[in-house]
Amino acid sequence: MGKTFNTTGICFPAKHYMVDLSGRLEQIARMVDAGRYFCINRARQYGKSTVIYGLSRLLAERYMVFSLSFQRMSAAKFRDEDTFCRAFISRMQQSLAIQGQQEPWPEYMDILAARAADLHRPLDLTDMFDDISLLCAHSPKPMILIIDEVDNACNNQIFVDFLGQLRDLYLNRELTPTFRSVILVGVYNVKNLRLKGQNGGEHRYNSPWNIADDFTMDMRFHPEDIAGMLREYESARHTGMDIAAMSRMIFDYTDGYPYMVSRLCKLLDERIPETDSIPRRDVWTKEGLLAAIRLFLKEPNTLFEDMVKKLDEYPDLKEKISYILFRGTKYTFEIDSRFASIGCMFGFLKEDNGFVSIANRLFETKLYNLFLAESEGHNELNPPDAKSQFIVQGMLQMDLVMQKFYQYFEDITVRGTII
């Protein structure tokens, strides 16, 4: 069976058409070589796990890599230090087994494993990190720790204490052996960790992860990235597509959001040829792409389902997005503002010439449809007057009217529920 486009889980180069990530991986590897501790925070389905998988394989040549995921650690594993430490050590062992790292281990690895297996002696974080420090001192290679899905533990005091131990070792690493680099991966920024107070009281900031370096890499798929993926596809399928034009159009609608790029390509490859509306020769054209976009906006998917949940969870974010869409309200972009930071963190918003903007045309269309559907289904929900953005002090802003007309002219066939 040939390669396919993948939108569920990790992408594997041998099985899937995918963007060449080698340049990104080398850039992250240089941060690891420099001994940096950092967080990779990006929105849902932004390719984080695929990047971590590739990074682990790249680093394994010169480091002992412990690549874990907190997704596999249930809430019960965080109920106390003893339970957490045993589960964490077990995940460390599993990580090495999965990756096939068969380096000869010194006796300190056996000590760590035996400590976790001894149910008669309680374990705490200090004990575990003392043993990890010994392990780092005697490891045949410098040790790297990567933890994916840290969001699952963010509102937990055990996790905060765990970060505190890592921070203490980091600050004293010239004297005490520890991990060469630590990478935490998730949607939420652990540097700005927020914990609920007792009895569900107000949130408070309490994160010891202020030692982390900034991770500013652009992880979007740019037209040249998409073109590289499509060239491999074209060499196998011979569709006759204009690769440069298709890459630019896909980017224009998605702004390089990895899941959206891959999903549109998957629909073009697998679903659109099955329809009667687009001849097979026209699938990888603008007409085919618009058909894929219509299908994408209608189909249930986890990305849009998560978007709806987040808008319900953050009503202020939802309100301001509706004002941007229907009133043309301009909010000055300030990343430290709660509205902008949350919207950017979830991937719904971005900075555009100093103002807050919807992240891409697909999110914009889906949000329009969502707000209008809500207003139609609930009389008490009325979206802001869409005309208000074009009238200032009683005067029609014709330049803005023409700008919007040009921007959305090509989308009329896509946004059928709005026009």
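The values are calculated or read from the model by the stated rules, or taken from the named source; none is laboratory data. Model, not experiment: these values are computed from the prediction. Heads up, the Cβs are rebuilt from the backbone with ideal geometry, glycines too, and the neighbour counts pull from every protein chain shown. These accessible areas exclude ligands, DNA and RNA; they are computed on the full protein's heavy atoms, side chains included. Shrake-Rupley method; radii C 1.70, N 1.55, O 1.52, S 1.80 Å.
Looking at Asp255, is it on the phi > 0 side of the Ramachandran plot, open to solvent by less than 50 Å² (accessible area, probe 1.4 Å) and in contact with a strand residue (DSSP E or B) (Cβ under 9 Å, 6 or more places away or on another chain)? So Asp255 fits the description; yes. Considering the conditions (1) open to solvent by less than 50 Å² (accessible area, probe 1.4 Å); (2) modelled with pLDDT of 95 or more, Lys309 is excluded by exactly one of them, (1).
If the condition is being more than 19 Å from Leu370 (Cα to Cα) and either crowded, with 18+ Cβ neighbours inside 10 Å or at pLDDT 90 or above (or both), then the range 318-336 contributes Lys330, Tyr331, Thr332, Phe333, Glu334.
Looking for something among the aliphatic types (A, V, I, L, M), in contact with a Ser or Thr (Cβ under 8 Å, 6 or more places away or on another chain) and at pLDDT 95 or above - is there at least one such residue anywhere in the range 72-86? No, every residue in the range 72-86 fails to be among the aliphatic types (A, V, I, L, M), in contact with a Ser or Thr (Cβ under 8 Å, 6 or more places away or on another chain) and at pLDDT 95 or above. Only residues that are closer than 26 Å to Asn172 by Cβ, part of a helix (DSSP H, G or I) and among the basic types (Lys, Arg) were counted in the range 10-56, giving 1.
Among the residues making up the range 23-64, those that are open to solvent by less than 60 Å² (accessible area, probe 1.4 Å) and over 20 Å from Val190 (Cβ atoms) are Gly23, Arg24, Leu25, Ala29, Asp33, Thr50, Gly54, Leu58, Leu59, Ala60, Tyr63, Met64. Specify the residue that is least open to solvent (accessible area, probe 1.4 Å); the eligible residues are those in the range 234-252 that are within 15 Å of Glu224 (Cβ to Cβ) and β-branched (Val, Ile, Thr). The qualifying residue least open to solvent (accessible area, probe 1.4 Å) is Ile250. Among the residues of the range 282-341, those identified as assigned to a loop (DSSP other than H, G, I, E, B) and among the charged types (D, E, K, R) are Glu299, Arg327, Lys330, Glu334, Asp336.
Listed here are the residues, each with its yes/no results for (1) open to solvent by 70 Å² or more (accessible area, probe 1.4 Å); (2) within 32 Å of the chain's Cα centre (by Cα); (3) modelled with pLDDT of 90 or more.
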site: His378; (1), (2), (3): yes, no, no
site: Pro384; (1), (2), (3): no, yes, no
site: Val392; (1), (2), (3): yes, no, no
site: Met398; (1), (2), (3): yes, no, no
site: Tyr406; (1), (2), (3): yes, yes, no
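Across the range 171-201, the qualifying residues are those that are in contact with a strand residue (DSSP E or B) (Cβ under 8 Å, 6 or more places away or on another chain), open to solvent by 40 Å² or more (accessible area, probe 1.4 Å) and not hydroxyl-bearing (Ser, Thr, Tyr), and the one among them that is modelled with the lowest pLDDT is Lys196.
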